[in-house]
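Participant: Pasting a structure below so you can have a look.
The values are calculated or read from the model by the stated rules, or taken from the named source; none is laboratory data. Quick caveat: nothing in here was measured; it's all calculated off a predicted structure. Heads up, the Cβs are rebuilt from the backbone with ideal geometry, glycines too, and the neighbour counts pull from every protein chain shown. Heads up: the accessible areas ignore ligands, DNA and RNA and are worked out on the full protein's heavy atoms, side chains in. Shrake-Rupley method; radii C 1.70, N 1.55, O 1.52, S 1.80 Å.
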Amino acid sequence: MSGSVPGGGVKSEPNLTPILDMVFQLITFFMLVINFKSAELDLSLQLPVLGSAKPLPEGANLKLLVLNVQICTKCPHSGCDAFATLRRVTDADTKKVKSYQLVCERGHETDHPQGAITNGKTCLTVYGRLLCKESRSKDFPSIEEYLRSEADLSLMSATPPLTRDEVIKEGKELMDTVVIRADTGCRFGAVNFVIVECQKQGYRRFALKTGQVEIKTGS
Amino acid sequence: MSKRHSAEDVELNVTAMLDMAFQLLAFFILTFRPPPGEAQIFLKLPPAQPVAGMTGTERAGSDESKDPKDVKTTKSVVVNLLDRDSGSVTDVQIGIPSVSMKPVPYNDLEKELRVYFKAKEDNEAGQKSGQGDYEQVVINASPTLRWEEVMKVVDMCTKFTAGKGDKLPAVSLSAAGPDPGG
Ligand SMILES: [Zn+2]
């Protein structure tokens, strides 16, 4: 009789505790590796690829201000007054760009014939918001206002804290590094505008981002 | 099991918890994106016209020539990049603006830059040669030029001006006009 009942006399229930442990460990792993920093990176940008650029040194404790520089234009969708940026649609297999779209802040997608926006506006992408040279509303400050508020934070967190006058009049510099992530299709004037605005706020250290290079470990 | 626990015993329902845990796991796996393998060129870019009374604490990569307290001036080579509104480099000029700007083919730019910086390398190697000790390249580009093209030249210049140790390359950027975009 005992052989006919599966599991015999002891009622066999799979012990789920180890699997639960393991799943929680996996969750912990993914929670730890989740990269909140990459949220401020606009991954739709295509960065220039160069030989001499180096990956960020391991353990470099730099305070970074990441600026995604792009060109935007009015959303072509009728009745939409948001701004749109160019998106490259890549083929899933070949990873080659097969077409271009304009994607606006509200999510409208419109096909775009070329891989560049002509006569577009200079803009910064900040967590999905497009900031232009002019302020659009309270939530969409101008590039200058945005950089000023970032600089104010940097002034306060400097040791010892700096004042705006010390930076503007006495030429003290902010220690933060401005990371310029500019799209390859950006015109130089747009990038230069952003750099000059940063300089006005007291930033002196810049890192010009380039795209994928083979990552060398060590050195 | 029922032998050890009475019927009223509350047992934690591990299955439900496991379900939830799997859902969380699925969420984290699906939202996981490996960080992009990006690199960068670090530059120290002081403003084009520093305000008076600036302290002379800036070292590498800085345009110290406008600093009144600094006796030594940084000798800069200027590279003009013109694009005739095409977005790509059409004309390149290299030289010292107050002396002469020499048009060079784009492909020869690296060679021309080497002429200016070779003297420096020679000096460091203990050989004296007449050419000046140029320390900085100012890239003066048309505002309509594509960023990619500017970065190629920045890349070229960092090879010559890369400082020793943790000094930053002495490359400075300026635009030959305002940003055309609104
Ligand atoms: Zn829209």
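Participant: Out of the range A:121-219, which trypsin sites (Lys or Arg not before Pro) are coil in DSSP terms and have no more than 14 other C-beta atoms within 10 Å?
Facilitator: Values: sites: A:121, A:129, A:133, A:136, A:138, A:148, A:164, A:169, A:172, A:181, A:187, A:200, A:204, A:205, A:209, A:216; in loops: A:133, A:136, A:138, A:169, A:172, A:216.
Listed in order of number, the matching sites are A:138, A:169, A:216.
Participant: Also, I was wondering about something else. How would A:38, B:100 line up by accessible area, probe 1.4 Å, largest first? Let's see the in-between values first.
Facilitator: On the way: A:38 25, B:100 65 Å².
Result, largest first: B:100, A:38.
Participant: Another question about this same structure. What FRET efficiency do you get for residue A:61 and residue A:135 if R0 is 30 Å and r is their Cβ-Cβ distance, rounded to the nearest 0.05? Intermediate results must be reported in sequence, preceding the final value.
Facilitator: Working: r = 33 Å, r/R0 = 1.12.
Using R0 = 30 Å, I get an efficiency of 0.35.
Participant: Once fully extended, how much extra length lies between residue A:175 and residue A:25, figured as 0.36 nm per residue of separation less the alpha-carbon to alpha-carbon distance?
Facilitator: Numbers: separation 150, 0.36 × 150 = 54.00 nm, distance 3.83 nm.
Roughly 50.2 nm would be gained on extension.
Participant: Taking a probe of 1.4 Å and counting only protein heavy atoms, give the total accessible area buried between chains A and B in Å², rounded to the nearest 100.
Facilitator: 5000 Å²
Participant: Next question, about the same structure. Counting other C-beta atoms within 10 Å, and keeping those with at most 13, which DSSP coil GluC sites (Glu not before Pro) do you find in the range A:17-118? The partial results should precede the final answer.
Facilitator: Working: sites: A:40, A:58, A:105, A:109; in loops: A:58, A:105.
In loop regions of the range A:17-118 (DSSP not H, G, I, E or B), the sparsely surrounded GluC sites (Glu not before Pro) are A:58.
Participant: Given the range A:52-208, what percent of its DSSP beta bridges are antiparallel, to the nearest 5?
Facilitator: On the way: 23 of 34 bridges.
Bridges in the range A:52-208 that DSSP calls antiparallel: roughly 70 percent.
Participant: Something else now. With the crude spin-label approximation of a point 7 Å out along Cα→Cβ, what separation in nm comes out for residue B:98 versus residue B:24?
Facilitator: In this crude spin-label approximation the distance works out to 6.8 nm.
Participant: Follow-up question, since we're still on this one. What nm value, rounded to one decimal, do you get for the distance between residue A:148 and residue A:91 when each label is placed 7 Å out toward the C-beta?
Facilitator: If labels sit at residue A:148 and residue A:91, their model points lie 4.9 nm apart.
Participant: To the nearest 10 degrees, how steep is helix A:188-200 against the longest Cα principal axis of chain A, on a 0 to 90 scale?
Facilitator: The answer is roughly 80 degrees.
Participant: Over 18 Å between Cα atoms: which of A:209/B:152; A:54/A:172; A:54/B:44; A:209/B:44; A:200/B:44; A:54/B:152 fall into that group?
Facilitator: On the way: A:209/B:152 12 Å; A:54/A:172 28 Å; A:54/B:44 16 Å; A:209/B:44 14 Å; A:200/B:44 14 Å; A:54/B:152 15 Å.
Correct reply: A:54/A:172.
Participant: Please list, in order, the residues from the range B:22-41 whose amide nitrogen is less than 16 Å from a point placed 7 Å along the Cα→Cβ vector of residue A:33.
Facilitator: The answer is B:25-37, whose backbone nitrogens lie closer than 16 Å to the label point.
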